1. Output the residue which, of all residues in region 42-66 that are polar (S, T, N, Q) and outside any strand (DSSP E or B), is nearest to Val77 (Cα to Cα).
2. Residue pairs, Cβ under 9 Å, 6 or more apart or interchain, first in region 54-70 and basic (Lys, Arg), second not in a strand (DSSP E or B). List them.
3. Working only within region 44-91, note down all residues that are at pLDDT 95 or above, loosely packed, with under 10 Cβ neighbours inside 10 Å and within 22 Å of Thr15 (Cβ to Cβ).
4. Mind listing just one residue for me: the one in region 22-38 that is out of contact with any strand residue (DSSP E or B) (no Cβ under 7 Å at 6 or more places or on another chain) and among the polar types (S, T, N, Q) and, of those, nearest to Asp55 (Cα to Cα)?
5. Could you identify the single residue in Ala27, Ala2 that is surrounded by fewer than 11 Cβ atoms within 10 Å (Cβ to Cβ) and at pLDDT 95 or above?
6. Tell me, yes or no, whether region 31-41 has at least one residue that is surrounded by 11 or more Cβ atoms within 10 Å (Cβ to Cβ), in a strand (DSSP E or B), of a type in the set (D, E, K, R) and modelled with pLDDT of 95 or more.
Amino acid sequence: MAKSTTTKEKTCAVTRHDWRTGSPKPAQVMEQISEEVLPKRKDFSTGSFGYHANDRIELVVNGKPVKAMVNLTVTIVNSAVAEEGGEEEKVESAAA
């Protein structure tokens with residue numbers, strides 16, 4: 001099947017000025033993320049482990065709703081060299 005030659009024009013609901021002057025404060029964004037995005041335990045392909053989340057949320061900028069992407073990776077420092085320990089089941093791998 002041939003690819004369509006038409007492309008959808010991309011637009012943004014707010015201007016850069018709107019974002020600079022009317023966006024939520026970083027602490028407000030973090031609070032919203034903590035309420036809406038739940039990270040999962042993850043064994044990364046590098047051998048490290050930690051937490052990962054990837055989701056979309058809606059923010060309000062100058063009274064206008066906008067979609068925002070959230071990508072969170074929390075890696076436990078030096079976890080790649082951590083001993084295996086007990087017989088627990090491995091959590092979701094980063095390749096999945």
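The values are calculated or read from the model by the stated rules, or taken from the named source; none is laboratory data. Fair warning: this is a prediction, and the values are worked out from it, not measured in the lab. A quick note on method: Cβ atoms are made from the backbone with ideal geometry, for glycine too, and the neighbour counts reach across all protein chains shown.
1. Ser48
2. Going by the 9 Å Cβ cut-off, the qualifying pairs are Lys64/Ala13; Lys64/Val14; Lys64/Asp18; Lys64/Gly22; Lys67/Ala13.
3. Met69
4. Ser34
5. So the residue among Ala27, Ala2 that is surrounded by fewer than 11 Cβ atoms within 10 Å (Cβ to Cβ) and at pLDDT 95 or above is Ala27.
6. Yes; the residues of region 31-41 include at least one that is surrounded by 11 or more Cβ atoms within 10 Å (Cβ to Cβ), in a strand (DSSP E or B), of a type in the set (D, E, K, R) and modelled with pLDDT of 95 or more.
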